[in-house]
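Below: one structure, written as C-alpha cells.
The values are calculated or read from the model by the stated rules, or taken from the named source; none is laboratory data. Only a predicted model underlies this, so the values are computations on that prediction, with no experimental measurement involved. All Cβ positions, even for glycine, are placed from backbone atoms using ideal geometry, and neighbour counts span all protein chains on display.
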Amino acid sequence: MKIIHSSEFDSYWKNGGISVADEKVSLAVREIIAAVRKEGDAAVRRYASRFDKSSPGAFQVSADQIKAGYRQLREGEPALAVALETSADHIERFAQLQKAQFADFEYEMAPGLITGQRVIPVQRAAVYVPAGRFPLISSVLMGVIPARVAGVEEAVVASPPLEAGLPDWRILAAAHLAGANRVFAIGGAQAIAALALGTETVPRVDVIVGPGNKYVAAAKQLLFGEVGIDFIAGPTDVLIITDSPGGSEGIPEAADLMAADMLAQAEHDSDARARALVPCRVMADQVARQLEARLARLPTASTAKASLDAGGLIIIYDSPEAAIRIADTIAPEHLELHVKDTGFWVPKLKNYGSLFIGSLAVEALGDYSAGINHTLPTSGSARFTGGLSVRHFLKALTTLRCSPGRGWQDARSAAEQIAEAEGLAAHRESVASREQTKTVP
C-alpha cells in the first residue's frame with residue numbers, strides 16, 4: 001500500500017496512474033471478430049471450446065431451463081431469492097424515475113417553425129454477464145430491468161457456459177426474475193461479436209451493455225458503431241475521502257470503515273484500484289494498519305493483497321480544495337464521502353460514476369440492492385459520462401414541422417445564407433425552391 005502526499009500526486013498520476021491498453025488483446029479480439037463475421041456460429045463454437053468451460057451444441061437456453069433455475073433458487077436458497085427480489089424492486093422503481101425524465105415534446109420556435117422530440121426505445125438489447133471468478137448475478141438485474149423499463153422489445157442475456165453447457169443457474173434465475181426474453185450460453189469476445197454482428201442462431205442486437213474482462217471490453221470498443229454500447233469498462237475502482245473524525249479516539253473506527261470498503265473493491269481482481277484521501281499521516285497509517293488486520297481474516301485476501309500491492313494508494317491532503325481537485329482528476333467509478341459536512345463537499349465534486357454520501361452509504365449497497373446501477377464508468381471516463389441507465393436503451397429523435405409563417409420564412413432565409421457561405425449550392429436551392437410555395441403539406 002503506497003502512501004503519498006497530495007503534492008506528489010500529479011507526478012504519480014502522470015507516470016503510473018493510468019493503465020495503457022493491451023495491443024496483444026486488441027489483436028486477438030480483432031481475429032475473433034473477423035472469424036465470427038465470416039463463419040458465424042462455427043467460429044463462436046470454436047472459440048467457446050478454447051476459452052469457455054464448455055461448448056454447448058445449442059447456444060440458446062430454453063425457457064424451461066431458465067424457469068428451472070429460478071425454481072432451484074426459490075427452493076435451494078430462499079434468502080438469496082428474497083434478496084434478489086428486493087434488489088429488483090428497487091432497481092425497477094429507480095429506473096421508472098429515470099424514464100420519467102425523458103419525454104416527447106413539440107415546441108414552436110416561431111410562427112410556422114415547430115421542433116420536437118420523440119423518445120423511442122431500441123428494439124433489441126443484450127446484457128453481457130461475466131461468470132469468471134464470481135458469477136455476477138446482480139449484473140443481470142442491473143442490465144435487463146432498465147432495458148425493460150425503457151420499453152425494449154427484446155432483452156437478451158449472454159453469459160459463459162459452465163461444464164454442463166449452461167450459465168450459472170443463479171444467473172438463469174436472475175434472468176427470469178428480471179424479465180429477460182432470451183438467454184444465450186456464450187461468453188467472452190466471441191459473445192460480443194455474435195451479438196453485434198448476428199449469427200445463424202444469435203440475433204443481432206442494437207445495444208450491448210454490461211461488464212466484462214479486457215477481451216470483452218476490447219470487443220465492445222472495436223465493434224462500437226456497428227452496435228451501441230454503454231461504455232468501455234476498465235478495472236473497477238473506489239476513492240474514499242475522509243476528514244478529521246473529531247479527535248484521535250475516532251480515528252481507528254473511521255479508518256476501519258475505510259479499510260473495509262477499500263478491500264471490498266480490491267477483492268474483485270488484481271487490477272482493481274482502491275484509493276483514499278485522508279487529512280493527516282496518522283489517519284493514513286491507521287488505514288494501512290486496518291487493511292493489514294482485515295486482510296489477515298479475509299477469504300479473498302490473495303486477490304485483494306495483489307490489488308493493493310499493485311495500485312492501492314492513500315493520499316494525504318492539506319486542504320479540502322486539494323482533495324477535490326485530486327478526486328476530480330481521478331474521476332473514480334465509486335466515490336465515497338466519509339465526511340462531517342457533506343453539504344460542503346457534494347456540490348464541489350464533479351467527476352464520479354456514483355457518489356456515496358456519508359459512511360452509512362456503503363458502496364456495496366450500490367453494487368447490489370439500493371436501486372442505483374452498478375455498471376459505472378471506469379478508468380477516468382466519469383469525466384464525460386455517467387453509469388448505465390434507462391437512457392442507454394432510448395433514442396431521443398428530433399422532428400420538424402413547418403407551415404407558412406414568419407418563423408419559417410426567417411429560418412428559410414437563414415438556411416440559404418449559411419448554405420451559400422458553405423458552398424453547398426444544392427442545399428441553398430433546396431431551401432430556395434420553397435420560396436414560391438403557397439401551401440405546405
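General observations
- Of the listed requirements (1) closer than 30 Å to Leu291 by Cα; (2) in a loop (DSSP other than H, G, I, E, B); (3) of a type outside the set (Val, Ile, Thr), Gly250 misses just one: (2).
- The condition (being assigned by TED's automatic domain parsing to the domain that holds Tyr70, buried (at least 24 other Cβ atoms within 10 Å of the Cβ), touching a residue at least 60 places away in the same chain (Cβ under 8 Å) and over 18 Å from the mean Cα position of the chain (by Cα)) is satisfied by just one residue among Ile208, Ile171, Ile192: Ile171.
- Residues that are touching a helix residue (DSSP H, G or I) at 6+ places or on another chain (Cβ under 9 Å) and either free of Cβ contacts under 8 Å to residues at least 40 places away in the same chain or over 24 Å from Ala254 (Cα atoms) (or both), drawn from the range 353-368: Gly353, Ser354, Leu355, Phe356, Ile357, Gly358
- Meets criteria (at pLDDT below 95 and under 30 Å from Val129 (Cα atoms)) for Ser354: no
- Within the range 223-248, residues that are within 29 Å of His338 (Cβ to Cβ) and surrounded by fewer than 20 Cβ atoms within 10 Å (Cβ to Cβ) have Cβ atoms under 7 Å from residues that are acidic (Asp, Glu) and at pLDDT below 95 in no pair, counting only partners at least 6 apart in sequence or on another chain.
- Of all residues making up the range 42-64, the number that are in a helix (DSSP H, G or I) and buried (at least 17 other Cβ atoms within 10 Å of the Cβ): 5
- Yes/no for Gly366 being in contact with a Pro (Cβ under 6 Å, 6 or more places away or on another chain) and not in a strand (DSSP E or B): no
- Test: residue in the range 394-404 that is in contact with a helix residue (DSSP H, G or I) (Cβ under 9 Å, 6 or more places away or on another chain), in contact (Cβ under 8 Å) with a residue 12 or more places away in the chain and outside any loop (DSSP other than H, G, I, E, B): yes
- Consider the range 330-363 and keep the residues that are among the polar types (S, T, N, Q) and part of a loop (DSSP other than H, G, I, E, B). The one that is farthest from Met283 (Cα to Cα) is Asn351.
- The residue of the range 367-377 that is farthest from Ile145 (Cα to Cα), among those that are crowded, with 22+ Cβ neighbours inside 10 Å and of a type outside the set (A, V, I, L, M), is Pro377.
- The residues of the range 285-301 that are out of contact with any helix residue (DSSP H, G or I) (no Cβ under 6 Å at 6 or more places or on another chain) and either among the polar types (S, T, N, Q) or surrounded by 21 or more Cβ atoms within 10 Å (Cβ to Cβ) (or both) amount to a single one, Thr300.
- Test: Arg37 is among the charged types (D, E, K, R), in a helix (DSSP H, G or I), without any contact (Cβ under 8 Å) to a residue 60 or more places away in the chain and surrounded by 15 or more Cβ atoms within 10 Å (Cβ to Cβ): no
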